[in-house]
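As structure tokens, the structure follows; a few thoughts come after it.
Please treat every number below as a calculation from the coordinates, not as lab data. In this text the structure is predicted, and so the values were computed from the model without any measurement. Neighbour counts run over all protein chains shown; Cβ positions are idealised from the backbone, glycine included.
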Amino acid sequence: MLTSLLSMDGVMFLLRWMHFFFGIIWIGLLYYFNFVQGAFFNETDPSTKSNAIQKLVPRALWWFRYGALWTFFSGLTIFMYKGHLLGAELMKTSYGLNIFTGGMFGTIMAANVWMIIWPNQRVVIQSATQVGQGGKALPEAAACAAKAGLASRHNVLFSIPMLFFMGAASHLQYEVTNPGLYLVVACVLVSLLQMNAVKGKMGPLTTVKGVITSGFMLTAVLVATLALTQ
């Protein structure tokens, strides 16, 4: 077994193992923040919420953002290796289309973590810490919390089709005849949704039920688009 692990196939297996490990940490915490912590914060008293923001949230966000980082880099390395082996032919396979779609969502989600969620949550944590130490809350904290929440909800939305297409890459094969049209439609759709994640509104994503339902609907739209363009 050791000899197999030291081969190129073994190295790729270890990369996939890392991808799974860090991905579980990342997406697990994403669902914790949106499905559990948010509801708890809405129901608990201000003192408990403040203590959690100061002591619990920073620890969770550390695992959250580095889980996202290493999931992204391990996935990118696997995709680049596959591209090196197959070149442009990769995107003419069901594996290539599926992994590209899942990777597109994962890349946007990781960018949201580091460029929107984490910077804004830092302000929220700093504000709660200052108040806990007898100081004043930062005036921009409420707006930052809203921005982080909007991006986080969109990451939940994106995670559902991401997991579908990541799983489909190895377990759902089909004939590919016109990948270009599907890729254009998918990229435009995802770009519009990401624009809303940056400067838009929650809409149906306000509730847990709404974001889960929207995620399954987005997955269905992409699957239908893929079917109609082939």
**Fill in**
With the label point 7 Å along the Cα-to-beta-carbon line of V11 and a cut-off under 18 Å to each amide N, the hits in the range 81-118 are 81-87
**Request:** Work out, step by step, the length gained on full extension between E89 and V36: first 0.36 nm times the residue separation, then minus their alpha carbon distance; give nm to one decimal.
**Result:** 14.8 nm
**Message:** Give me the dipole magnitude in Debye, nearest 20, for the chain about the Cα centre, with unit charges on the beta carbon: positive for Lys and Arg, negative for Asp and Glu.
**Reply:** 540 debye
**Message:** Suppose the chain between A60 and A227 were pulled fully straight at 0.36 nm per residue; how much longer would it get relative to their current alpha carbon spacing?
**Reply:** 56.2 nm
**Message:** Just to be sure I follow the rule: in the chain, considering lysines 8 or more places apart or on different chains, how many pairs have Cα atoms under 26 Å apart?
**Reply:** 13
**Asked** When the helices in the chain are scored as -39500 (n - 2.57) per DSSP H run of 4 or longer and the sum is shared across all residues, what 222 nm value do you end up with, to the nearest 500 deg cm²/dmol?
**Response** -26500 deg cm²/dmol
**Complete:** With 0.36 nm assigned to each residue of separation and the Cα-Cα distance removed, W114 to A137 gains 5.9 nm
**Request:** Per residue of the range 201-210, in order, report the coupling 6.51 cos²θ - 1.76 cosθ + 1.60 (Karplus, θ = phi - 60°) as ³J(HN,Hα) in whole Hz, putting x for Gly and Pro.
**Result:** 10, 5, x, x, 7, 4, 9, 4, 4, x
**Fill in**
If one compares the long axis through the Cα atoms of helix 141-171 with the longest principal axis of the Cα atoms of the chain, the angle in degrees, nearest 10, works out at 20 degrees
**Asked** When the chain is treated as a GNM, springs tying every alpha-carbon pair under 10 Å, which of R153, R122, R65 comes out with the largest mean-square fluctuation?
**Response** R122
**Order of D45, D9 under a 10 Å beta carbon neighbour criterion, fewest first** = D45, D9
